[in-house]
Amino acid sequence: MKITNAFVNITSPGRNFVTLKIETDEGIFGLGDGTLNGRELAVASYLTEHVLPCIIGRDPFQSEDIWQYLYRGAYWRRGPVTMAAIGAVDVALWDIKGKALNTPVYNLLGGKSRDGLLAYAHCTGKDIDHTLEDVALHKEMGFKAVRVQSGIPGLSTTYGIAKGTGRYEPAERGLPSEHQWSTEMYLRHVPQLFARVRETFGEELHLLHDCHHRLTPIEAGRLGKELEPFHLFWMEDPTPAELQEGFKIIRQHTTTPIAVGEVFNTIWDAHDLIRNQFIDYIRMTPVHSGGLTHLKKVADFAELYHVRTGCHGATDMSPVTIAAALHFDTAVHNFGIQELMPHTDETNAVFPHQYRFKDGMMFPGDAPGLGVDLDEALAAKYPYLRAYLPINRKLDGTLTDW
Ligand code: EZ4
Ligand code: CO
């Protein structure tokens with residue numbers, strides 16, 4: 001089999017998505033996601049100008065060799081743009097292989113290790129009472145695990161909280177908006193939030209929380225310690241992770257489990273975190289970490305150190321990435337949990353898919369390949385619109401991590 005054609009589709013059914021379609025001489029095609037929130041066109045151009053001409057004529061079954069060709073062969077390694085582009089190609093190749101062999105991708109990664117995948121929803125509100133209502137709603141929908149964030153008294157904006165009446169969507173059209181941040185207000189508020197959630201819903205519901213890279217290690221140690229009575233499933237991205245040894249300080253102070261890695265691109269971003277057992281969950285997901293080929297190696301390495309997976313699954317992962325993550329989750333032994341942030345109806349119509357949610361669990365479906373399609377005619381109705389993630393400033397105006 002040979003790759004005969006490959007092109008990038010950019011569509012914005014509510015938010016921007018970059019999709020790669022690879023076609024073959026046997027009429028089978030594969031889809032890959034290359035969406036990098038706020039930097040979409042850089043990946044599209046990397047693919048169109050620098051990657052796609054090199055893969056025409058290659059055998060799509062040689063996913064390992066093509067991965068090495070694009071990673072080592074570029075000379076310039078790693079980084080979110082490069083790895084999202086490699087991820088798009090790699091996932092499309094696995095989709096092609098599954099379709100050619102008439103089997104779902106999870107069978108190519110080791111087969112079913114479980115029947116269903118524990119998934120968590122985002123629960124938010126402008127204050128604690130509204131957040132409790134959202135948790136109740138998601139419990140009703142069947143969720144057994146929820147990520148809980150709420151507005152912070154004294155701050156006009158907070159990560160994870162919808163501005164209007166709709167669901168939370170981090171990217172915004174136009175230039176980056178500015179959020180406000182106070183570590184003091186946040187640290188005072190979060191333990192009160194979780195006390196109320198446990199008081200209202202009891203012990204059984206799995207609770208998660210995302211600090212979104214905003215604390216220093218010692219502040220994260222304090223928060224983790226104060227949250228211990230509420231038995232969190234995980235505390236996510238407690239501190240920016242460029243300094244991997246910083247997590248040692250968090251570990252010295254708390255038994256609250258730690259998750260990190262949605263912005264990581266390769267194993268080298270997590271190598272020390274994993275081998276020193278500084279974390280419990282690795283959040284890398286197929287698109288931003290070089291596809292299934294690399295992510296499988298990360299998971300196998302993590303398994304040696306009792307680290308489980310928790311693939312990033314926010315709305316900026318297109319349905320192609322969600323499907324790829326679900327096939328991966330199904331196959332790896334050390335699966336932990338899958339994030340699920342529902343796409344809009346418009347997005348779901350552009351990307352018809354087989355995966356399903358039922359009773360708190362996700363299922364990848366049994367269609368050959370990934371089980372996702374791209375309705376190109378419908379996609380063409382939603383042209384790209386520039387959008388950015390917000391930036392964040394402390395109350396005195398200092399730029400800080402969003
Ligand atoms: O802010 O995907 O755990 N989920 C998250 C997401 C990220 C967005 C950034 O594009 O942290 O909401
Ligand atoms: Co996160």
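Any read-out appearing in this document is the output of simple, stated calculations on the displayed coordinates, not a laboratory observation. On a predicted model such as this, the values are computed, not experimentally measured, just so you know. In this analysis, Cβ positions are derived from the backbone assuming ideal geometry, glycine residues included, and neighbour counts consider all displayed protein chains.
Here are the numbers for the structure shown:
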| quantity | calculated |
| --- | --- |
| Computed over the stretch 108-367: relative contact order in percent, which uses C-alpha pairs under 8 Å that are six or more apart | 20 percent |
| Mean Cα-pair separation over length for the stretch 3-103, i.e. relative contact order, pairs under 8 Å, 6 or more apart, % | 33 percent |
| Partner aspartates and glutamates for Lys394 [C-alpha distance under 12 Å; skip if fewer than 8 residues away on the same chain] | Glu178, Glu184 |
| Three semi-axes of the equivalent ellipsoid, the stretch 247-298, Cα gyration tensor, whole Å, largest first | 22, 10, 8 |
| Calculated FRET efficiency for the pair Glu26/Phe201, C-beta based, R₀ 30 Å, to 0.05 | 0.05 |
| Under the Debye formula (equal points on every Cα, no solvent term), log10 I(q)/I(0) of the stretch 108-367 at q = 0.08, 0.14, 0.15 Å⁻¹ | -0.30, -0.98, -1.14 |
| Length-normalised contact order for the stretch 185-280 - Cα pairs under 8 Å, 6+ apart - percent | 27 percent |
| Packing-based order for 375-381, 223-229, 152-158, using average beta carbon neighbours within 10 Å, highest first | 223-229, 152-158, 375-381 |
| 10 Å-binned pair-distance histogram of the stretch 247-377 (Cα, whole percent) | 13, 42, 30, 12, 3, 0 |
| Backbone N within the stretch 142-182 under 18 Å of label point (7 Å from Leu395 Cα along the Cβ vector) | 151-159, 179-182 |
| The stretch 1-139: projected area of the alpha-carbon convex hull, averaged over directions, in nm² | 11.3 nm² |
| Aspartates and glutamates with Cα under 19 Å of Lys358, excluding same-chain neighbours fewer than 8 positions away | Asp115, Asp134, Glu140, Glu204, Asp329, Glu339, Asp345, Asp366 |
| Two-decimal Rg to Rh for the stretch 137-281 - Kirkwood Rh, Cα set | 0.96 |
| Within straight-line cross-link reach of Lys248, lysines at Cα separation under 22 Å, skipping those fewer than 8 residues along the same chain | Lys225 |
| Max mean-square fluctuation residue, GNM over the chain, Cα-Cα springs under 10 Å, options Phe301, Phe143, Phe194 | Phe301 |
| Estimated inter-spin distance, Ser45 and Tyr305, nm [label 7 Å along Cα→Cβ] | 3.6 nm |
| Gain in span if fully extended, Thr255 to Glu64, counting 0.36 nm per residue against the direct Cα distance | 64.9 nm |
| Antiparallel %, DSSP beta bridges [both residues in the chain], to 5 | 50 percent |
